[in-house]
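Asker: Dumping the structure here so I can ask a few things about it.
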Amino acid sequence: MQTCSNREQILYIPLINTSASVFRLRTEIRWFLKDNYNNVIFIQDIDLNELYDQNKLEIIFVDHHYLRSKLNEAVIEIIDHHQIKKDSIVLQE
């Protein structure tokens with residue numbers, strides 16, 4: 001496994017945690033994104049499990065804090081205004 005020696009070698013990819021078919025129904029978000037809608041990357045577009053298995057994944061939730069998956073172990077930060085659900089992940093200090 002190759003490790004990054006500095007932050008310039010890290011790739012940050014914003015993902016939408018929904019499918020493209022569901023996202024198409026969110027007309028207000030599509031309107032906001034305008035022509036950039038084609039640049040949206042959806043959760044099914046990237047194999048996060050493979051990255052996790054290779055120890056190459058860190059997740060930061062934005063406006064979301066609920067995930068039922070082994071990927072919870074890869075969550076390093078949560079930025080959210082919602083009340084945390086009883087069975088959602090809790091980050092350790």
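The values are calculated or read from the model by the stated rules, or taken from the named source; none is laboratory data. This one's a predicted model, so the numbers in the text were calculated from it and none came from an experiment. Ideal geometry is used to build each Cβ from the backbone, glycine not excepted, and the neighbour counts take in all protein chains shown. These area figures cover heavy atoms from the full protein model, side chains too; ligands, DNA and RNA do not enter into them. Shrake-Rupley method; radii C 1.70, N 1.55, O 1.52, S 1.80 Å.
Asker: Within the stretch 71-82, restricting attention to residues that are within 15 Å of Asn49 (Cβ to Cβ) and open to solvent by less than 90 Å² (accessible area, probe 1.4 Å), which residue is modelled with the lowest pLDDT?
Answerer: Going through the qualifying residues, I end up with Asn72.
Asker: Across the stretch 23-52, what is the total count of residues that are among the aliphatic types (A, V, I, L, M) and either part of a loop (DSSP other than H, G, I, E, B) or more than 19 Å from Ile13 (Cα to Cα) (or both)?
Answerer: Counting residues in the stretch 23-52 that are among the aliphatic types (A, V, I, L, M) and either part of a loop (DSSP other than H, G, I, E, B) or more than 19 Å from Ile13 (Cα to Cα) (or both) gives 4.
Asker: Within the stretch 1-36, which residues are of a type in the set (D, E, K, R) and at pLDDT 75 or above?
Answerer: The answer is Arg24, Arg26, Glu28, Arg30, Lys34.
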